[in-house]
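I have placed the structure first, in the form of structure tokens, so that the comments after it can refer back to it.
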Ligand SMILES: [Ca+2]
Ligand SMILES: [Ca+2]
């Protein structure tokens with residue numbers, strides 16, 4: 001980076017730090033005005049930088065949420081509100097934060113390189129609820145597990161992918177993000193679109209947040225909970241929330257069980273989606289945030305801006 005650009009980046013960072021606690025509008029107006037005066041960047045680069053700046057604002061918001069609400073996250077909290085487009089000079093910003101721990105974490109299916117049969121069964125249950133073939137659980141387990149032995153019920157290891165027109169190998173490690181599913185046998189665009197509202201790929205094994213999980217995921221994870229009962233639970237949850245696991249467990253019928261370590265009422269992982277218009281340019285950004293250390297702003301696990 002040239003000195004002037006580095007100075008600009010530093011100024012940008014300082015501006016973000018200084019105003020993160022203030023309203024987003026104020027921050028974005030300040031940044032866009034500063035940048036126009038400096039005349040350093042094109043509209044598109046500017047739009048991308050505003051996506052990054054907006055991302056830092058969401059990090060500050062989630063940090064503050066943990067500080068004020070403790071280990072408790074539900075759809076009634078400020079972070080869960082979809083932001084209406086915020087206009088600023090020469091553009092606007094829109095975005096949302098989505099809890100990822102209310103979704104089924106596909107990487108839970110493999111622990112330390114080996115299949116976790118309980119989680120694999122839960123994913124099969126989710127596939128069945130969504131009307132998708134059970135063998136998708138086998139091909140995905142093979143994609144993630146460390147070994148090269150295909151699941152007996154319809155898995156796929158290197159031999160399958162090597163024989164493709166554009167050959168490649170199985171990852172044999174946790175999914176980095178959901179886009180990677182496109183590489184896995186059977187996960188065509190239609191399947192991925194059907195799964196998307198219910199699944200995620202997180203860098204650690206995670207418990208399910210029962211305050212934000214959709215009925216389909218609750219029915220997949222809780223043994224003996226059918227979809228109708230899960231829908232009834234979600235309807236009752238609307239407007240109230242579970243304060244702890246016992247609160248949730250007391251709402252289950254006699255036949256429904258789930259180990260306490262597989263559920264919780266808070267979340268560490270959030271997906272941020274931001275759209276910025278600046279001048280004639282548009283930029284869209286997504287980032288996965290990990291709030292695993294409550295003493296600092298959430299870490300950015302990955303960020304995509306385009
Ligand atoms: Ca919270
Ligand atoms: Ca494998």
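Rule-based calculations on the coordinates, nothing more; no lab input. Note that this is a predicted model, so its numbers are computed, not measured. So basically every Cβ, Gly included, is an ideal-geometry build from the backbone, and we count neighbours across all protein chains shown.
Observations on the model:
- Modelled this way, with points 7 Å down the Cα-to-C-beta line, the labels at residue 68 and residue 121 are 4.2 nm from one another.
- Mean residue ellipticity (222 nm) of the chain, computed from DSSP H runs ≥ 4 via -39,500 (n - 2.57), nearest 500: -12000 deg cm²/dmol
- Helix 3-19 and the long axis of the chain differ in direction by around 70°, with both axes built from C-alpha atoms.
- Taking other C-beta atoms within 10 angstrom as a stand-in for reagent exposure, 278, 168 fall in the order 168, 278, fewest first.
- Segment 134-211 and segment 225-246 have Cα centres separated by 29 Å.
- Inter-label distance, residue 82 to residue 251: 2.3 nm, where each label sits 7 Å from its Cα along the C-beta direction.
- FRET efficiency, residue 293 to residue 166 (Cβ-Cβ, R0 35 Å, nearest 0.05): 0.30
- For the chain, the longest principal axis of the alpha carbon atoms and the long axis of helix 43-69 meet at an angle near 60°.
- 282, 264 arranged by Cβ crowding within 10 Å, fewest neighbours leading: 282, 264
- In degrees, nearest ten, helix 117-129 long axis to first principal axis of the chain (Cα): 80 degrees
- Between residue 303 and residue 228, the C-beta separation translates, for a Förster distance of 41 Å, into a calculated FRET efficiency of about 0.55.
- When the alpha-carbon atoms of segment 137-251 are used, the pair Rg, Dmax equals 17.5, 53 angstrom.
- By the count of other C-beta atoms within 10 Å, a proxy for reagent exposure, 226, 188, 138 are ordered fewest to most as 188, 226, 138.
- For the chain, radius of gyration divided by Kirkwood radius, i.e. Rg to Rh on alpha-carbons: 1.02
- Extending 7 Å from Cα along the Cβ direction at residue 149 and again at residue 261 yields two label points whose distance is 2.4 nm.
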